Amino acid sequence: MSRISALLLFSTWLGLMTGATATAYAGATLDRIRATGSLPCGINTEEPEYSTQDAHGNRTVLDVDICKAVAVAVLGPNAKFTVVPFRDEQDALKALKSGEIALLATGSPNFINTANTGFGFARPIFYDYQGFLVNKTMGITSPKDLAGKKICFLGGTEIEDQIESYMHRENIKWLPFPFEEEGEMEAAFVTRNCAAVTADVSQLAYEQLGFKSVAKNFEILPDVIAKDPLAPTYNLDDPQWATIVNWTVEALIQAEESGVTQANLAEMKMKKSDDVVIRRLLGLQRGYGQLIGLDDAWAARVIETVGNYGEMFERDLGSGSAMKLARGANNLWTHGGLIYALPIR
């Protein structure tokens, strides 16, 4: 087949697919957002003493960037979005189901939230996990060193169930020290009444910040007690909207894989790279945006606004943030992490 014939065949296929996509993925969410000119986006401020099911730290900065990325993808460079805060995930999910918000920036893709609930989840944007914040001055460098020592946690939560299972599995004899109030728990930790605190590392990082001058005495161990990933969450009743949210996440990850950043985006567009993935990502190869009901520049706008996934992580959670979380599992697959973009083809 000649190159011209192949191009004509692709153009015909793309036109057919665009029409089919518009029919198959017809949904009200995108039309409603464009009609109002703003994306209603929920964020979970995660108050530990209010929520008995979640133990993540407040990740407002990351959540706002996710809201902004999706808004820019669908509304353009001057996109507006309304941040709606919730005290815990269950309240946020109720608002999502009712249509009060169109997107929950980060929700938990666990069994309960996915079992016949009508919620869908994009690829995890943050692999959080339950871990240990330990007192280094007590000679603790691994969970085995916690044998015979008190471990603080908020009682009556998933955290309690998971630490009990972990310590039993690892055959570590420990002393449970449950609390109902976070401040009392932190005071017990600082005064060495317990050797460690267990919660999700995003929460532990915030607790460590509060210790200020003595924070250097504490560290988060890399050991994983239980997995607790977070992902953008939407209703499953609108396939087009689900596809847009999913591919916004994939574009952020692919940008990092391809070395596209906020700083070099304009130059890479000008050079018109021969790399087919970069061409599709930046809208230089026409027609891909139409497949999800957007223009071809949508992904480039997202990168220009919030950067690639790595830039977001470092700014919001990592070395450029107050939390200083190591990337760990949130690194690219090429650097030993779990972050991997689906192919744009």
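The values are calculated or read from the model by the stated rules, or taken from the named source; none is laboratory data. None of the values given here were measured: they were computed from a predicted structure. Cβ sites come from the backbone with ideal geometry, for glycine too, and all protein chains shown count toward neighbours. Accessible surface areas use protein heavy atoms only, side chains included; no ligands, DNA or RNA. Shrake-Rupley method; radii C 1.70, N 1.55, O 1.52, S 1.80 Å.
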task = Kindly sort Ser213, Ser108 by accessible area of their heavy atoms, largest first, with the probe set to 1.4 Å.
result = Ser213, Ser108
message = Could you work out the relative contact order of region 232-293? I mean the mean sequence separation of Cα pairs under 8 Å and 6+ apart, divided by the number of residues, in percent.
response = 31
key: Per residue accessible area in Å² of region 98-256, where ligands, DNA and RNA are left out and the probe is 1.4 Å   = 42
query = So which of Lys94/Lys144; Lys94/Lys212; Lys144/Lys212 end up more than 32 Å apart by C-alpha?
reply = Lys94/Lys144; Lys94/Lys212
note = With the charge dipole of region 159-270 built from beta-carbon charges (+1 for Lys and Arg, -1 for Asp and Glu) about the Cα centre, the Cα from Ala255, Thr243, Phe177 projecting farthest to the positive end belongs to Ala255
In Hz, Karplus ³J(HN,Hα) per residue of region 272-287 (6.51, -1.76, 1.60; θ = phi - 60°; x = Gly, Pro) = 6, 3, 7, 5, 4, 5, 5, 4, 5, 4, 8, x, 7, 9, 6, x
query = Order of 182-188, 72-78 by packing, highest average Cβ count within 10 Å first?
reply = 72-78, 182-188
task = First check a/c for region 300-345, with a ≥ b ≥ c the square roots of the eigenvalues of its C-alpha gyration tensor; if it is under 1.5, answer rounded, and if not, answer prolate when a/b is larger than b/c or oblate otherwise.
result = oblate
query = Quick one: if you stick a label point 7 Å off each Cα along the C-beta vector at Trp333 and Lys94, how many nm between them?
reply = 3.9
remark   = Given unit charges at Cβ for Lys, Arg (+) and Asp, Glu (-), the dipole magnitude of the chain about its Cα centre in debye, nearest 20, is 1280
task = Starting from the amide H of Asn308, placed 1.01 Å from N in the peptide plane, find each other amide H under 5 Å away whose residue is 5 or more places distant or on another chain.
result = Gln262
task = Run the 1.4 Å probe and let me know the accessible area of Thr334, rounded to the nearest 10 Å².
result = 80
request  = Using +1 at the Cβ of each Lys and Arg and -1 at the Cβ of each Asp and Glu in the chain, identify which of Gly318, Leu104, Phe86 lies farthest towards the dipole's positive end.
outcome  = Gly318
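Ranked highest first by average number of other Cβ atoms within 10 Å, how do 296-309, 113-126 line up?
296-309, 113-126
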task = State the percent of C-alpha pairs, over all pairs in the chain, separated by a distance greater than 30 angstrom.
result = 42
inquiry  = From the helices alone, meaning DSSP H stretches of at least four residues, give me the mean residue ellipticity at 222 nm for the chain, per-run term -39500 (n - 2.57), in deg cm²/dmol to the nearest 500.
reply    = -12500 deg cm²/dmol
query = Taking Cα atoms, how many degrees apart are the long axis of helix 158-169 and the longest axis of the chain, rounded to 10 and kept between 0 and 90?
reply = 70
inquiry  = Restricting to bridges with both residues inside the chain, how much of the DSSP beta-bridge set is antiparallel, in percent to the nearest 5?
reply    = 50
key: Listed residue (Met167, Ala28, Val201) projecting farthest to the positive dipole end of the chain, Cβ model   = Ala28
query = Ignoring any ligand, DNA or RNA, what whole percent of the accessible area of the chain comes from carbon and sulfur when the probe is 1.4 angstrom?
reply = 55
query = For region 263-344, with every protein chain kept in place, what is the accessible area per residue (1.4 Å probe, Å²)?
reply = 47
inquiry  = Explain nothing, just the number: relative contact order of the chain, from Cα pairs under 8 Å at least 6 residues apart, as a whole percent.
reply    = 21
Cα-Cα separations in region 142-216 greater than 16 Å, expressed as whole percent = 47
remark   = Per the Kirkwood formula over distinct C-alpha pairs, the hydrodynamic radius of region 53-192 in angstrom is 18.0
ask   = What does the accessible area of Ser319 come to, in Å² to the nearest 10, when a probe of 1.4 Å is used?
value = 80
task = Would you mind calculating the relative contact order of region 265-323 from Cα pairs under 8 angstrom and at least 6 residues apart, reporting the percent as a whole number?
result = 22
